[in-house]
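The structure under discussion appears below in the form of structure tokens.
The values are calculated or read from the model by the stated rules, or taken from the named source; none is laboratory data. Since the model is a prediction, treat every value here as computed from it, not as a measurement. FYI the Cβ positions are ideal-geometry reconstructions off the backbone, even for glycines, and counts take in every protein chain you see. Heads up: the accessible areas ignore ligands, DNA and RNA and are worked out on the full protein's heavy atoms, side chains in. Shrake-Rupley method; radii C 1.70, N 1.55, O 1.52, S 1.80 Å.
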Amino acid sequence: MRQDAAVDGPPPSGSPGPAEPVPEEELMRALYREHAGALFAYVLKLVAGDRYLAEDVVQETLLRAWKSASRLDPAARSLRPWLVTVARRIVIDGHRSRQARPQETSPAALEQLPARDELDRSLRLMTISDALQDLSAAHREALVETYFRGRTVNEAAEELGLPAGTVRSRVFYALRALRNALEERGVTTS
């Protein structure tokens, strides 16, 4: 005789038969039969077609319905509005939590990011400083006031004690001269 015959065969005499489903289980089966398909279609639209996420949301919705079975009114006309509201809130909560927490990345992705090279930045600044020395003092101070100190032409004109038109003209010619000085040093603009 097989050892697992008791499992496959009929229950031994005196032992209870299969348990009768409790009303909550029946309610859940009925909810699933009546609403799972429509709920899945609704949630699928909310999650932009992500079938796995939609399945998870429907499962969570029905789980919450099961946990709230004692408070649900089986005589109600339909529980679908309640289920749809719960599903929509689950989707919204999931979206908010993804927005609040940065997306995780693996360390391998970080290794592929280029590191900021301070040497290149330093060399660029040295080259620009050197090229600025080739400019006349008037052109250099017009550029320093407008580009490096971030002043408007009118503010720079007031600071330098010159008319705004003169500052505009000096900036124009200073930029042209700076471009030529940089090109002489091998820096090209594109």
Quiz item: Is it the case that some residue within the range 95-109 is at pLDDT 90 or above and open to solvent by 90 Å² or more (accessible area, probe 1.4 Å)?
Solution: no
Self-check item: Qualifying positions in the range 129-176 - over 44 Å from the mean Cα position of the chain (by Cα), of a type in the set (Ser, Thr, Tyr) and open to solvent by 80 Å² or more (accessible area, probe 1.4 Å)
Solution: TYR173
Quiz item: Residue check: is SER70 at pLDDT 70 or above, outside any helix (DSSP H, G or I) and open to solvent by 80 Å² or more (accessible area, probe 1.4 Å)?
Solution: yes
Exercise. Can you tell me which residue within the range 30-65, out of those that are outside any helix (DSSP H, G or I) and either modelled with pLDDT of 90 or more or not β-branched (Val, Ile, Thr) (or both), is least open to solvent (accessible area, probe 1.4 Å)?
Key: GLY49
Practice problem: Report yes if ARG121 is in a helix (DSSP H, G or I), open to solvent by 50 Å² or more (accessible area, probe 1.4 Å), at pLDDT 90 or above and out of contact with any His (no Cβ under 6 Å at 6 or more places or on another chain), otherwise no. | Solution: no
